[in-house]
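The values are calculated or read from the model by the stated rules, or taken from the named source; none is laboratory data. Only a predicted model underlies this, so the values are computations on that prediction, with no experimental measurement involved. Don't worry about glycine lacking a Cβ; one is built from the backbone with ideal geometry, like all the others, and counts go over all protein chains shown.
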């Protein structure tokens, strides 16, 4: 008895991690098994493995959720947004980081963009809707991309400024003396040095943009431009009576997420922690 | 003559510097800066969100005054605060617990870290759908409990559970980064001094990862305050408005109640509230940070 207690005391934390991990993965397991069952089958036994794998759930869900249209939209939305965020924010961060010590305007800009970070999209969605409506940008992917890039720039800037400060200026000065212009110096000398920051920011930003719900909820309301989360929002709303089809659609949409996740895990982790730890 | 040449040169240099800012000015201007100022104009009108804004009437401070006279606004405010508190507590409790757990050396600790972080890769729509099924079918059938999402008194907590499952992986990562930066020599000398595991945790670990606390708590609290998406996806604000958070309430003034002017005035008051809280909270924790 005392031995058992001793063992428990020593391994309590490990045991707790095992139990928590099982609880955390259970929703995925439920989604997986339910996606292969018929409604009748899942009503009878919720957690058991399916006796017959009903792959037709997948075929039907893909067709009814017009998955490939929204996959295309999500890809365009995510790739364009992330590229533009990286390009815009790194360029601006470069001049801000290199001039904020000597020039009051750039010192102000740094504070200004820092102050913009807590302004959530929810706070300005009404005027964004109005402005984009006037500019005919509602229900267009370029409109959603502009909004996402603009909303994401403050945080990206803040991360890049922190990183650029750690890069010695001497390299750029040498290139500058050799006659390269500021823009060429930036793209050939500085930007390549930003690679670790770009990789981690891009990885985290790809995930955030891919999963964006609020910006696309306001700006992409027509079926032909809906991204995956938005398309699913509508689709799931209609299929709460048939969870099996819903879960088939859910599992399919997780495939690209977790392929990316497996490939870029290291960078995602870095992107989600570095900005925060620097605080 | 020489002076003006230098002047031309310095104007050129300023222009080059500004050209680096152009893309940011374009995107940030259209998506945030112009809407922010346009919103101020909206907040002083009775705009319904449908007719052209130019036809709306200027109503002065009417929207702001009526917010303070309208007790309806207290419910979304209370929901937002309770939800933010539950998330902050839950995310940081589990984030720190898992961080301490998976940094121990045992088999599968890396796999566990991955599992705790996995839900963070899902959209709020997907997370809401999965948990809707768990709340409406799995839990009632297995544990015999009611659907917590359809009971007004438990719905906000039930939505928080979804957020904590889907979100505590991120603070976990930040705490792991904090924990691994604590020098092991500190623990070694504490062991020599006879400190037990709990004393080590409270006297060494906690003070030294205070910076991670500041970041995690401020970020989780302020982000959850304005949250709208998950509530919309999980409950549409129901039952009977019991989970209509402040973010969702503001959204509804544009798309449901057709009182965009009022909604925008509320959005700015709420932003001011968030900023004040963020400054207060990060101030409280900053003071307790220890320099290493």
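Results for (1) modelled with pLDDT of 90 or more; (2) farther than 23 Å from residue B:177 by Cβ, shown as yes or no for each residue.
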{"position": "B:118", "(1), (2)": "yes, no"}
{"position": "B:122", "(1), (2)": "yes, no"}
{"position": "B:142", "(1), (2)": "no, yes"}
{"position": "B:146", "(1), (2)": "yes, yes"}
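Tell me whether the range B:207-222 contains one or more residues that are under 30 Å from residue B:61 (Cα atoms), in the same structural domain as residue B:164 (by TED's automatic domain parsing) and part of a helix (DSSP H, G or I).
Of the range B:207-222, the ones under 30 Å from residue B:61 (Cα atoms) are B:221-222.
Among the residues that remain, those that are also in the same structural domain as residue B:164 (by TED's automatic domain parsing) are: B:221-222.
Applying the additional criterion that residues be part of a helix (DSSP H, G or I) yields B:221-222.
Yes, because at least one residue in the range B:207-222 is under 30 Å from residue B:61 (Cα atoms), in the same structural domain as residue B:164 (by TED's automatic domain parsing) and part of a helix (DSSP H, G or I).
Please find, among A:14, A:83, the residue that is more than 10 Å from chain B (Cβ to nearest Cβ) and modelled with pLDDT of 90 or more.
Working: A:14 fails: more than 10 Å from chain B (Cβ to nearest Cβ).
Step by step, each of A:14, A:83 is checked, and only A:83 is more than 10 Å from chain B (Cβ to nearest Cβ) and modelled with pLDDT of 90 or more.
Say whether the condition of being at the interface with chain B (Cβ under 10 Å from one of its Cβ atoms), part of a helix (DSSP H, G or I), touching a residue at least 40 places away in the same chain (Cβ under 8 Å) and within 13 Å of the chain's Cα centre (by Cα) is met by at least one residue in the range A:183-203.
The answer is no; no qualifying residue exists.
Which of the residues that make up the range B:247-259 are surrounded by 18 or more Cβ atoms within 10 Å (Cβ to Cβ) and over 20 Å from residue B:161 (Cβ atoms)? Before the answer, list the steps.
Keep residues of the range B:247-259 that are surrounded by 18 or more Cβ atoms within 10 Å (Cβ to Cβ), which gives B:247-254, B:259.
Residues satisfying the conditions are B:249, B:250, B:251, B:252, B:253, B:254, B:259.
Per-residue answers, yes or no, for (1) more than 15 Å from residue A:155 (Cα to Cα); (2) assigned to a loop (DSSP other than H, G, I, E, B); (3) out of contact with any strand residue (DSSP E or B) (no Cβ under 9 Å at 6 or more places or on another chain):
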residue	(1), (2), (3)
A:79	yes, no, yes
A:84	no, no, yes
A:88	no, no, yes
A:91	no, no, yes
A:95	yes, no, yes
A:101	yes, yes, yes
A:106	yes, no, yes
A:110	no, no, yes
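Mind checking which residues of the range A:116-163 are more than 7 Å from chain B (Cβ to nearest Cβ) and not in a helix (DSSP H, G or I)?
Correct list: A:117, A:135, A:136, A:137, A:138, A:139, A:140.
Restricting to the range B:139-162, what's the tally of residues that are buried (at least 18 other Cβ atoms within 10 Å of the Cβ) and over 25 Å from the mean Cα position of the chain (by Cα)?
Total satisfying the criteria: 1.
Restricting the search to the range B:213-254, which residues are facing another protein chain (nearest Cβ under 7 Å) and farther than 14 Å from residue B:89 by Cα?
B:226, B:228, B:229, B:233, B:247, B:250, B:251, B:254
Tell me which of these residue A:208 doesn't satisfy, since it passes every other one: (1) touching a residue at least 60 places away in the same chain (Cβ under 8 Å); (2) more than 9 Å from chain B (Cβ to nearest Cβ); (3) assigned to a helix (DSSP H, G or I).
Going through the list (1) touching a residue at least 60 places away in the same chain (Cβ under 8 Å); (2) more than 9 Å from chain B (Cβ to nearest Cβ); (3) assigned to a helix (DSSP H, G or I), residue A:208 breaks only (1).
Test each condition in (1) out of contact with any helix residue (DSSP H, G or I) (no Cβ under 7 Å at 6 or more places or on another chain); (2) over 30 Å from residue A:82 (Cα atoms); (3) assigned to a helix (DSSP H, G or I) for residue B:50 and report the one that comes out false.
(3)
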